[in-house]
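Student: The structure follows.
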Amino acid sequence: MSRLTHVHNRAVSLLVTFSWFALSLLLSGTGKTFGQTPPDSDIFLVDLIFKNQIIQAGKPVNITQRKGYDNQPSFTPDGKSILYTSMREDGQTDIYRFDLQSTVTTQLTQTPEGEYSPTVTPDTAYFSVIRVESDKTQRLWKFPMSGVGAPALVLENVKPVGYHCWLTPDSLALFILGSPNSLQLARVSTGDTARMQGSVGRSLHKIPGKQALSFVHKRTPIDWEIKQLDLQTNRITVIAPTLSGSEDFVWTPDGLLLMAQGSSLYVFNPKIDLRWTQLADFSSAGIKQLTRLAIDPGGKKLALVGQ
């Protein structure tokens with residue numbers, strides 16, 4: 001082989017590798033890449049305090065405190081534990097549980113596949129995950145909460161799934177990867193799906209007190225809005241603009257929106273507010289960038305992912 005041919009082949013190889021790197025970053029939606037380690041991230045726990053209809057945030061406590069990737073927290077329905085995705089020394093992503101009272105961390109999955117976005121199912125018997133299978137297919141699976149029994153595929157023919165939100169025991173909202181990414185509703189019993197909106201963000205949440213789903217619509221690269229999908233009429237309406245460049249949000253039980261930007265946490269009341277109000281700045285805790293958020297069912301604790 002000539003030196004020129006060798007250089008050409010090497011360049012092609014690097015191009016292919018880079019292309020797979022970019023594609024895997026998009027498909028995972030989590031930072032997991034083939035042969036690459038995602039940025040370090042930790043999960044912080046913050047107390048939410050309500051005084052005279054004013055919300056305050058306590059000091060963030062790092063509950064993972066290790067070098068590596070810990071992300072995608074979600075509370076169990078009883079509010080006593082947090083499930084999350086973690087990548088350890090072997091470069092594999094599995095699901096872990098943090099007990100808030102004992103502060104003990106327990107590994108829930110240990111498989112050759114990668115599991116992401118753990119969420120307790122409505123019947124509380126399982127937790128569902130986005131599973132990256134051996135052929136890189138991303139589908140929705142569920143694992144027994146008891147730890148006894150095999151995992152089961154939830155939606156066999158629906159892929160590639162990026163994120164999910166349970167609406168009822170038989171229905172979900174799904175973030176489906178594509179060009180563009182789309183919001184789809186799925187029924188477990190039939191496997192049927194219906195596309196509701198394109199160009200959406202990864203945050204999908206039921207709206208407290210309503211038969212409705214909230215999501216981020218990325219109308220343009222810089223114009224993003226939190227919108228409401230009425231689950232009875234399928235009518236979509238605008239709730240609020242997002243903070244610039246932010247797509248992760250949660251609802252408090254009484255209907256306030258919380259969203260992060262940089263190291264700061266913001267609040268928005270859709271009933272009266274015209275703009276977001278800064279609630280807290282966590283830069284003193286060494287946090288530069290906040291992303292994912294999760295709130296406990298009682299609205300008293302907030303989990304945030306910080307880098």
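Student: Could you tell me whether Val200 is modelled with pLDDT of 95 or more and buried (at least 19 other Cβ atoms within 10 Å of the Cβ)?
Tutor: yes
Student: Do you know which residues across the range 152-173 are in contact with a strand residue (DSSP E or B) (Cβ under 7 Å, 6 or more places away or on another chain), of a type outside the set (Lys, Arg) and free of Cβ contacts under 8 Å to residues at least 40 places away in the same chain?
Tutor: Answer for the range 152-173, where residues must be in contact with a strand residue (DSSP E or B) (Cβ under 7 Å, 6 or more places away or on another chain), of a type outside the set (Lys, Arg) and free of Cβ contacts under 8 Å to residues at least 40 places away in the same chain: Ala152, Leu153, Val154, Leu155, Val158, Val161, Asp170, Ser171, Leu172.
Student: Failed condition for Gly262, given (1) surrounded by fewer than 21 Cβ atoms within 10 Å (Cβ to Cβ); (2) of a type outside the set (Lys, Arg); (3) touching a strand residue (DSSP E or B) at 6+ places or on another chain (Cβ under 6 Å), with all others met?
Tutor: Going through the list (1) surrounded by fewer than 21 Cβ atoms within 10 Å (Cβ to Cβ); (2) of a type outside the set (Lys, Arg); (3) touching a strand residue (DSSP E or B) at 6+ places or on another chain (Cβ under 6 Å), Gly262 breaks only (3).
Student: What residue, among those in the range 131-186 that are among the aromatic types (Phe, Trp, Tyr) and either under 18 Å from Asp94 (Cα atoms) or not assigned by TED's automatic domain parsing to the domain that holds Met87 (or both), is surrounded by the most Cβ atoms within 10 Å (Cβ to Cβ)?
Tutor: Once the filter is applied, the top-ranked residue is Tyr163.
Student: With respect to Leu257, determine if the residue is hydrophobic (A, V, I, L, M, F, W, C), closer than 23 Å to Gln197 by Cα and surrounded by 19 or more Cβ atoms within 10 Å (Cβ to Cβ).
Tutor: yes
Student: While we're on this one: Give the residue, chosen from Ser86, Ser41, that is of a type in the set (Gly, Ala, Ser), on the phi < 0 side of the Ramachandran plot and without any contact (Cβ under 8 Å) to a residue 60 or more places away in the chain.
Tutor: Going through Ser86, Ser41 in turn, the sole match is Ser86.
Student: Mind listing just one residue for me: the one in the range 157-206 that is within 17 Å of Ile226 (Cα to Cα) and among the basic types (Lys, Arg) and, of those, nearest to the chain's Cα centre (by Cα)?
Tutor: Of everything passing the filter in the range 157-206, Arg202 is nearest to the chain's Cα centre (by Cα).
Student: Which of the residues spanning the range 52-99 are under 21 Å from Pro112 (Cα atoms) and surrounded by fewer than 18 Cβ atoms within 10 Å (Cβ to Cβ)?
Tutor: Of everything in the range 52-99, those that are under 21 Å from Pro112 (Cα atoms) and surrounded by fewer than 18 Cβ atoms within 10 Å (Cβ to Cβ) turn out to be Gly68, Arg88, Glu89, Asp90, Gly91, Gln92.
Student: If you go through the range 207-238, how many residues are over 20 Å from the mean Cα position of the chain (by Cα), assigned to a strand (DSSP E or B) and surrounded by 16 or more Cβ atoms within 10 Å (Cβ to Cβ)?
Tutor: 1
Student: While we're on this one: Taking the criterion of being buried (at least 17 other Cβ atoms within 10 Å of the Cβ), under 19 Å from the mean Cα position of the chain (by Cα), in contact (Cβ under 8 Å) with a residue 12 or more places away in the chain and not in a loop (DSSP other than H, G, I, E, B), would at least one residue in the range 277-285 satisfy it?
Tutor: No.
Student: When you check Asp123 against the structure, is it more than 21 Å from Gln92 (Cβ to Cβ) and surrounded by fewer than 14 Cβ atoms within 10 Å (Cβ to Cβ), yes or no?
Tutor: yes
Student: Moving to a separate point now. Filter the strands (runs of 3 or more DSSP E) completely within the range 84-161 down to those with at least 3 residues that are among the hydrophobic types (A, V, I, L, M, F, W, C).
Tutor: Correct list: 126-132, 138-144.
Student: Applying the selection to the range 239-254, what residues are part of a loop (DSSP other than H, G, I, E, B) and crowded, with 17+ Cβ neighbours inside 10 Å?
Tutor: Those that are part of a loop (DSSP other than H, G, I, E, B) and crowded, with 17+ Cβ neighbours inside 10 Å: Thr242, Leu243, Ser246, Glu247, Asp248, Thr252.
The values are calculated or read from the model by the stated rules, or taken from the named source; none is laboratory data. Because the structure is predicted, anything quoted here is derived from the model rather than measured. Because the Cβ atoms are built from the backbone with ideal geometry, glycine has one as well, and the counts that use them run over all protein chains shown.
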